[in-house]
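Trainee: The structure is given below, and queries will be raised subsequently.
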Amino acid sequence: MDHRYVWHPFTQMRDWLRATPIVIVDGHGAVLRDDSGREYLDANASIWTNLHGHAHPQINAAISRQLRKIAHSSALGFANEPASLLAQKLVETVRQGSRPLRPLLTKVFFSDDGSTAMEVALKLAFQYAVRTGHSRRPEFLSLDSAYHGDTVGAVSLGHIDLFHQSYAGLIFKTDKVMSPYCYRCPFNRAKPERADAREYRKCRWECVGKVEQKFAARKKAGRPYAAFVFEPLLQGAAGMIPQPKGWLGRVARIARGHGAQLIADEVMTALGRTTVPAPGLLACHEEKVRPDFAAIAKGLTGGYLPMAATLTTNAVFDAFLGKYEDFKTFFHGHSFTGNQLGAAAALASLELLGSPESIAARMQLEKTLHEELKTLWPLPNVGDIRQVGLVAGIELVKNWKMRAPFPLREQAGIRVCAAMARRGVLTRPVGNVIVLMPPYCTTAGQARQMVRALRESIIATFGSAPCSA
């Protein structure tokens, strides 16, 4: 039935139809089970969404309680209790993690997923720039290899040709500036070492200088950017590209100095994923950066239901206030905005995130991953290992001494992940980068099993015996 009727995302269906798919029917904690009864470890948290594990009793109970009341009612003209409580919780938790930063994020607009959350931020920033006189034709700056979703506005902010080139006739132009990709940075003069490239890079922050040049050129032309768009600490779909410490704070100050607003795409980075012990929700607070817009999705409901939130400031909110006939209303909406079941799940997830037990477990998992990933360095096809919190990206190369990449047609990442599946571990690559992003409930033993399966799969795929550095 799947082969006959279902069209899968980001999948070459000709290849898909040639193979028998893994059919997932059950899940508990970090373990998934297929229709033949075989068990797998969920090493990418079901595409980066599942925070606390599958079938978590606390989230299950929260949804069940809400289901006995009502599943959904419209947010167009009506309020509901769970959405109101969730908005309050988001604002208070973000504020807790960012004192004394300004501006304060005080308003929440709910939507369905990361792409729509970014679409909301984009539209709000566009109209705010026009209404405040900052720009008559607002334009945006984002990073090379950026990915911010698949709706047309979000695609316009993205710069991954593989994903976005097909839609060139649909999207509007946005500018890009180099990403701080230390491992492949043309300004990094360091020779490859068996360590995270951020640790041994040799440069003069040329990547920051490029950002300054972009803003200065626009200022000279009299066409300032309305906003700077970024994923804080880590670019996900670009290949798990981590930013060197200090980069985000530096470029945020440049953007602010040129009057641009900051749009933080926290769809993947928020909710403890990249900042494990921090009390707040947002990754950008790690570098004392307070955005004007923050998009949160993926793990917001703990991976249970599609729900997203765009947080913004009173200043932005006030720009949309006026008489009915002024038509200053934000003309944008979603049928399931503020859905009660999603809000109930999100509230339970946030409660879990803040518990001492969850924080301790996340810190232990981060440490275990860090130690286990070291065992991959002897493999000649491992070029770089990048870990930020509970996210790890392992870049596969033909030869680590030359940083020689595999052509995409060789499907190096796909082949390794297929070998991992045969060893009972499920994840999905980003090109030649293998992603490990487990649920927070993953035990030390399960984490070791994930890395061991990756190690064995790399050796089996490339026939590469371990070597000395």
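The values are calculated or read from the model by the stated rules, or taken from the named source; none is laboratory data. No experiment lies behind these values; they were computed from the predicted model shown. Because the Cβ atoms are built from the backbone with ideal geometry, glycine has one as well, and the counts that use them run over all protein chains shown.
Trainee: State whether the residues of the range 342-352 include one that is closer than 21 Å to Ala79 by Cβ, more than 24 Å from the chain's Cα centre (by Cα) and not assigned by TED's automatic domain parsing to the domain that holds Asp26.
Mentor: No, the range 342-352 contains no residue that is closer than 21 Å to Ala79 by Cβ, more than 24 Å from the chain's Cα centre (by Cα) and not assigned by TED's automatic domain parsing to the domain that holds Asp26.
Trainee: For the range 266-280, does any single residue satisfy the condition of being within 28 Å of Gly431 (Cβ to Cβ), small (Gly, Ala, Ser), under 18 Å from the mean Cα position of the chain (by Cα) and assigned to a loop (DSSP other than H, G, I, E, B)?
Mentor: The answer is yes; a qualifying residue exists.
Trainee: Looking only at the range 175-187, filter to residues that are without any contact (Cβ under 8 Å) to a residue 40 or more places away in the chain and within 23 Å of Ala117 (Cβ to Cβ); which one of those is surrounded by the most Cβ atoms within 10 Å (Cβ to Cβ)?
Mentor: Filtering the range 175-187 for residues that are without any contact (Cβ under 8 Å) to a residue 40 or more places away in the chain and within 23 Å of Ala117 (Cβ to Cβ), the one surrounded by the most Cβ atoms within 10 Å (Cβ to Cβ) comes out as Val177.
Trainee: Another question, then. Hey, could you check the range 68-91 for residues that are among the polar types (S, T, N, Q) and in a helix (DSSP H, G or I) and say which is nearest to Phe330 (Cα to Cα)?
Mentor: That would be Ser84.
Trainee: Please enumerate the residues belonging to the range 56-90 that are β-branched (Val, Ile, Thr) and surrounded by fewer than 18 Cβ atoms within 10 Å (Cβ to Cβ).
Mentor: Scanning the range 56-90 gives a single hit, Ile70.
Trainee: Of Gly257, Gly280, Gly299, which residue is small (Gly, Ala, Ser), at negative phi and modelled with pLDDT under 95?
Mentor: Gly280
Trainee: Okay, next question. Going through Gly445, Gly413 one at a time, which residue ends up being in the same structural domain as Leu373 (by TED's automatic domain parsing), small (Gly, Ala, Ser), without any contact (Cβ under 8 Å) to a residue 40 or more places away in the chain and surrounded by 24 or more Cβ atoms within 10 Å (Cβ to Cβ)?
Mentor: Criteria check complete, one pass: Gly413.
Trainee: Within the range 131-163, which residues are buried (at least 21 other Cβ atoms within 10 Å of the Cβ) and among the aromatic types (Phe, Trp, Tyr)?
Mentor: The answer is Phe140, Tyr147.
Trainee: Determine, yes or no, whether Gly299 is farther than 30 Å from Ala255 by Cα, assigned by TED's automatic domain parsing to the domain that holds Asn80, part of a helix (DSSP H, G or I) and of a type outside the set (A, V, I, L, M, F, W, C).
Mentor: Spelling it out, it is not the case that Gly299 is farther than 30 Å from Ala255 by Cα, assigned by TED's automatic domain parsing to the domain that holds Asn80, part of a helix (DSSP H, G or I) and of a type outside the set (A, V, I, L, M, F, W, C).
Every residue, every condition in (1) among the aromatic types (Phe, Trp, Tyr); (2) crowded, with 23+ Cβ neighbours inside 10 Å; (3) over 30 Å from Asp112 (Cβ atoms), yes or no:
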{"residue": "Ala226", "(1), (2), (3)": "no, yes, no"}
{"residue": "Trp247", "(1), (2), (3)": "yes, no, yes"}
{"residue": "Arg256", "(1), (2), (3)": "no, no, yes"}
{"residue": "Ile296", "(1), (2), (3)": "no, yes, no"}
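Trainee: Just give me the residues in the range 416-441 being crowded, with 21+ Cβ neighbours inside 10 Å and charged (D, E, K, R), in sequence order.
Mentor: Correct list: empty.
Trainee: Now a separate question. Can you tell me how many residues in the range 122-155 are assigned to a helix (DSSP H, G or I), in contact with a helix residue (DSSP H, G or I) (Cβ under 9 Å, 6 or more places away or on another chain) and of a type in the set (A, V, I, L, M)?
Mentor: 6
Trainee: Just checking, does the range 24-35 include any residue being surrounded by fewer than 13 Cβ atoms within 10 Å (Cβ to Cβ), assigned to a loop (DSSP other than H, G, I, E, B), at pLDDT 95 or above and not aliphatic (A, V, I, L, M)?
Mentor: Yes, that holds for at least one residue.
Trainee: Still on this model: Mind telling me which of the residues Ala195, Ala190 ends up being in a loop (DSSP other than H, G, I, E, B), out of contact with any helix residue (DSSP H, G or I) (no Cβ under 8 Å at 6 or more places or on another chain) and surrounded by fewer than 18 Cβ atoms within 10 Å (Cβ to Cβ)?
Mentor: After ruling out the rest, the residue left standing is Ala195.
Trainee: Do we find a residue being part of a loop (DSSP other than H, G, I, E, B), of a type in the set (Lys, Arg) and at pLDDT 95 or above anywhere in the range 51-67?
Mentor: No: the range 51-67 contains no residue that is part of a loop (DSSP other than H, G, I, E, B), of a type in the set (Lys, Arg) and at pLDDT 95 or above.
Trainee: Looking for something of a type in the set (Phe, Trp, Tyr), assigned by TED's automatic domain parsing to the domain that holds Pro242 and in contact (Cβ under 8 Å) with a residue 24 or more places away in the chain - is there at least one such residue anywhere in the range 142-158?
Mentor: Yes, because at least one residue in the range 142-158 is of a type in the set (Phe, Trp, Tyr), assigned by TED's automatic domain parsing to the domain that holds Pro242 and in contact (Cβ under 8 Å) with a residue 24 or more places away in the chain.
Trainee: How many of the residues making up the range 160-170 are part of a loop (DSSP other than H, G, I, E, B) and closer than 15 Å to Val430 by Cβ?
Mentor: Total meeting the criteria: 1.
Trainee: Lys220 passes all but one of (1) modelled with pLDDT of 95 or more; (2) farther than 21 Å from Arg273 by Cα; which number fails?
Mentor: (1)
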